[in-house]
Amino acid sequence: MRTDPGRLGERWYRSVIARDLTEEQYVEIVSVVAHTVAIDTMARGLGLDAPPLPDPEPGLPSHYRPAGAKPGGAWVPWVEPAYAGAAEAGIYPNERPPANIMKAMSLVPEEVRSFFDLVTHQYLPGAVMRDFSREYRAISHAQIELLAARVSALNRCLY
C-alpha cells in the first residue's frame with residue numbers, strides 16, 4: 001500500500017479479501033498506513049526523525065460493523081450520512097456531504113475519528129477548511145493546499 005499504491009486496484013483488493021482478510025481489517029490496515037505516512041511525512045518535512053511506533057495495547061477488536069454500511073463509491077462498503085447510526089455519530093463533521101476518504105473508512109468508525117483528529121491538528125478543523133474569510137494558521141489556505149497537494153503527489157495519493 002505504501003511503496004507502490006499505483007498498482008493496487010479493485011481486483012487486487014478482492015483477491016486480498018478472498019484470502020481471509022475482512023473488509024474491516026482492510027480498512028484498519030489502510031488507516032494505520034495513512035496515519036503513519038501523515039506523521040512520518042510531517043516529521044521529515046520538519047527535519048525530524050520519524051517517531052517510533054507505539055507499543056501494542058492489549059485488548060481485542062470490537063468487530064463492530066455499522067448496520068448502515070452498503071456498497072458505495074469505494075471498494076469497501078461505506079456508511080452514507082443518512083444511514084449512520086448512533087455508534088457513527090460525529091464521524092461526519094458538518095452538514096456538507098462528507099469527503100469520500102471519510103466515507104471510505106466509515107466501515108470502521110473509530111478509524112474515521114482517529115484519522116480526522118490527526119488531520120485537524122496537521123491541517124485544519126473541518127469547520128474552518130472552507131472559511132476563506134480568515135486564516136487560522138501561520139500560512140494561508142492557499143499555501144496549505146499547495147503543501148497538501150505536493151505531499152499527496154509525492155506519496156502518490158489521489159487527493
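The values are calculated or read from the model by the stated rules, or taken from the named source; none is laboratory data. Everything numeric here is computed off the predicted structure, so don't read it as measured data. We place every Cβ from the backbone using ideal geometry, glycine too, and count neighbours over all the protein chains shown.
With respect to (1) crowded, with 16+ Cβ neighbours inside 10 Å; (2) modelled with pLDDT of 90 or more; (3) under 26 Å from residue 156 (Cβ atoms), the lone exception for residue 68 is condition (3). For the stretch 120-159, filtering for residues that are closer than 29 Å to residue 89 by Cβ, touching a residue at least 60 places away in the same chain (Cβ under 8 Å) and of a type outside the set (S, T, N, Q) leaves 1.
Results for (1) out of contact with any helix residue (DSSP H, G or I) (no Cβ under 9 Å at 6 or more places or on another chain); (2) aliphatic (A, V, I, L, M); (3) not in a loop (DSSP other than H, G, I, E, B), shown as yes or no for each residue.
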| site | (1), (2), (3) |
| --- | --- |
| 51 | no, no, no |
| 57 | yes, no, no |
| 107 | no, yes, no |
| 113 | yes, no, yes |
| 118 | no, yes, yes |
| 121 | yes, no, yes |
| 148 | yes, yes, yes |
| 151 | no, yes, yes |
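Residue 15 - would you say it is under 15 Å from residue 118 (Cβ atoms), hydroxyl-bearing (Ser, Thr, Tyr) and either in contact with a His (Cβ under 6 Å, 6 or more places away or on another chain) or surrounded by 10 or more Cβ atoms within 10 Å (Cβ to Cβ) (or both)? For residue 15, the condition - under 15 Å from residue 118 (Cβ atoms), hydroxyl-bearing (Ser, Thr, Tyr) and either in contact with a His (Cβ under 6 Å, 6 or more places away or on another chain) or surrounded by 10 or more Cβ atoms within 10 Å (Cβ to Cβ) (or both) - is not met. Would you check which residues across the stretch 9-65 are closer than 26 Å to residue 89 by Cα, modelled with pLDDT under 90 and either in contact with a Leu (Cβ under 8 Å, 6 or more places away or on another chain) or of a type outside the set (A, V, I, L, M) (or both) and list them? Passing the criteria: 38, 61, 62, 63. Of 142, 149, all but one fail to be under 15 Å from residue 37 (Cα atoms), modelled with pLDDT of 85 or more and not acidic (Asp, Glu); the exception is 149. Here 65, 14 are screened, and the one residue that is in contact (Cβ under 8 Å) with a residue 40 or more places away in the chain, out of contact with any strand residue (DSSP E or B) (no Cβ under 8 Å at 6 or more places or on another chain) and not in a helix (DSSP H, G or I) is 65.
Any chance the stretch 23-33 includes a residue that's in contact with a helix residue (DSSP H, G or I) (Cβ under 7 Å, 6 or more places away or on another chain), without any contact (Cβ under 8 Å) to a residue 60 or more places away in the chain and in a helix (DSSP H, G or I)? Checking the stretch 23-33: at least one residue is in contact with a helix residue (DSSP H, G or I) (Cβ under 7 Å, 6 or more places away or on another chain), without any contact (Cβ under 8 Å) to a residue 60 or more places away in the chain and in a helix (DSSP H, G or I).
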